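Presented below is the structure to which this report refers.
Every number here is computed from the coordinates shown, using simple stated rules; none is lab data. These numbers come from a predicted model, not from an experiment. Glycine also receives a Cβ, built like all others from the backbone with ideal geometry; neighbour counts cover every protein chain displayed.
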Amino acid sequence: MWKQILTFVLALMIVSCGSSLQTKHLEGKGNNKESASLAAQHCEAGRALSQNGDIEGAIEELRLAIEIDPYYADSYAILAACYAGLEDFDTAFEVLEDGLEHDPQSIYCYAMKATLHTAFGQYSEAIDDFTALININPEVGRLWFERARLYFETHQWPLAIADYSRAIELDPANIDCYIERGELYMLTGDNIHAEQDLDRAKEIDNHNPGIYSVLGRLRARQGNYEEALATINIGVELAPGDMAMLINRGNILMDMERFVEAVEDFNVALESDSLNATALNNRGFALAHIGYYDAALQDLNLSLELIPDSPHTLDSRGYLYTCMGDYEHALADFDRAEEIDPSLGFIYLSRGNMYKEMGDLQRARQQYEQAIERGFIEAVEALNELDAME
């Protein structure tokens with residue numbers, strides 16, 4: 001992980017301050033240009049050693065750089081990345097706080113903090129870090145882009161769209177901004193703007209597989225499943241073995257009720273990462289549909305061990321328990337999913353289906369209506385079927 005962290009921090013250094021590590025010296029702190037220059041040399045040596053895998057040697061050089069000039073901010077961020085590489089995260093954060101004490105405007109230290117907070121799933125803290133970075137250097141599109149991704153991850157979608165838009169203003173060639181904003185527009189039901197963003201992404205690079213991943217999902221949401229599958233297949237051809245692409249194709253195959261083929265895609269995805277919670281959840285859900293209940297339960301339990309508060313996986317396991325006739329455990333899972341995020345309409349549809357299986361049509365109707373209130377239009381068909389039964 002430390003190589004990824006160091007690469008990200010160095011990338012921010014490049015886009016924010018030029019193509020090489022530069023001497024950063026705070027005037028009026030009792031330092032001089034000679035000490036700053038010497039600190040820069042040791043910092044550069046530490047960076048090179050860290051990239052070559054000599055973490056202990058890098059730490060020694062970086063500690064020396066800080067001793068020579070504690071106001072040379074670059075050293076702290078790279079030193080923290082080294083400690084992160086040794087999985088000594090407490091020391092990494094301590095180093096960053098020390099760096100920010102000496103230079104409260106250090107983009108490097110904030111970038112490192114943001115990266116670590118993101119790696120630990122501490123998205124609120126990471127958003128604060130990127131906000132500080134944006135306040136320091138608001139003309140760097142990459143910063144807006146990274147904060148947009150965090151807003152996306154935390155379902156703060158209007159804020160995410162605003163940040164993606166600002167990132168595009170600053171860097172119109174960033175294809176990922178168009179793809180990810182297009183995905184957000186799709187998720188919020190704004191298909192027109194989603195299509196526009198994906199078309200713009202194609203103009204930049206029509207061989208980017210991410211375009212076809214989102215476009216395939218958009219076609220599926222529009223009910224054009226054959227076109228959706230053909231589109232996602234282009235993405236799979238462009239990025240064979242890509243886990244996200246395989247998961248998305250598996251999802252489309254499930255929409256088409258081709259569950260055996262979906263399981264095959266999830267199997268290949270899990271060959272890359274056997275502990276991917278999303279792939280485990282989706283495979284478990286597909287296995288439940290074809291009657292492999294024990295295998296499905298094993299997948300869903302493992303997914304919940306990895307992400308205990310996932311409403312999606314709780315809903316999947318609730319569906320499985322419903323199939324097994326275990327309504328007590330099904331209800332417990334649906335109720336827990338609702339506690340975590342009561343805005344998710346699919347939970348109410350699933351719980352309504354459970355009540356329907358139990359013969360409690362009145363409660364089923366109430367659940368379907370709540371699903372529709374939350375914009376989950378798939379529940380309309382279930383409600384119509386219920387009307388026909390009564």
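At-a-glance table
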read-out: Segment CYS323-GLU237, extension gain: residue separation times 0.36 nm, minus the distance between their alpha carbons; value: 27.4 nm
read-out: Least to most buried among THR131, THR115, THR278 (fewest other Cβ within 10 Å first); value: THR131, THR278, THR115
read-out: Cβ-Cβ FRET estimate between ARG221 and VAL260, R0 fixed at 25 Å, reported to 0.05; value: 0.65
read-out: The chain: angle of helix 2-17 to the longest principal axis, Cα-based, in degrees nearest 10; value: 70
read-out: Pairwise FRET efficiency - LYS33 versus ASN267, Cβ, R0 = 56 Å, nearest 0.05; value: 0.40
read-out: Summed residue charge, Cβ within 12 Å of LEU229's Cβ, Lys/Arg positive, Asp/Glu negative; value: -1
read-out: Electrostatic dipole magnitude of the range 196-262 [Cβ: Lys, Arg +1; Asp, Glu -1; Cα centre; debye, to 20]; value: 120
read-out: Linear extension gain, ASP360 paired with GLU153, 0.36 nm per residue minus alpha-carbon span; value: 70.9 nm
read-out: For the range 44-167, size of Cβ-based charge dipole, Lys and Arg +1, Asp and Glu -1, in debye; value: 760
read-out: For the chain: rounded, prolate or oblate by the Cα gyration tensor [a/c cutoff 1.5]; value: prolate
read-out: Separation in nanometres of the label points that stand 7 Å from Cα toward Cβ, at ALA119 and GLU369; value: 5.1
read-out: Cα-centre dipole for the range 252-338 with unit charges at Cβ (Lys and Arg positive, Asp and Glu negative), debye to 20; value: 60
read-out: Residue exposure sequence - ILE134, ILE107 - by fewest surrounding Cβ within 10 Å; value: ILE134, ILE107
read-out: Chymotrypsin sites (Phe, Trp or Tyr not before Pro) restricted to DSSP loop in the range 74-147 with at most 12 other C-beta within 10 Å; value: PHE120
read-out: Sparsely packed GluC sites (Glu not before Pro) within the range 56-87, loop by DSSP, other Cβ within 10 Å at most 15; value: GLU87
read-out: Efficiency of FRET between ASN384 and ASP205 - r from beta-carbon atoms, R0 51 angstrom, step 0.05; value: 0.70
read-out: Positive-end extreme of charge dipole, the chain - chosen from LEU300, VAL95, ALA244 (charges on Cβ); value: ALA244
read-out: Rounded to 10°, Cα long-axis angle of helix 277-289 versus longest principal axis of the chain; value: 10
read-out: Mean residue ellipticity (222 nm) of the chain, computed from DSSP H runs ≥ 4 via -39,500 (n - 2.57), nearest 500; value: -25000 deg cm²/dmol
read-out: Environment charge at THR322 (Cβ cut-off 12 Å; Lys +1, Arg +1, Asp -1, Glu -1); value: -2
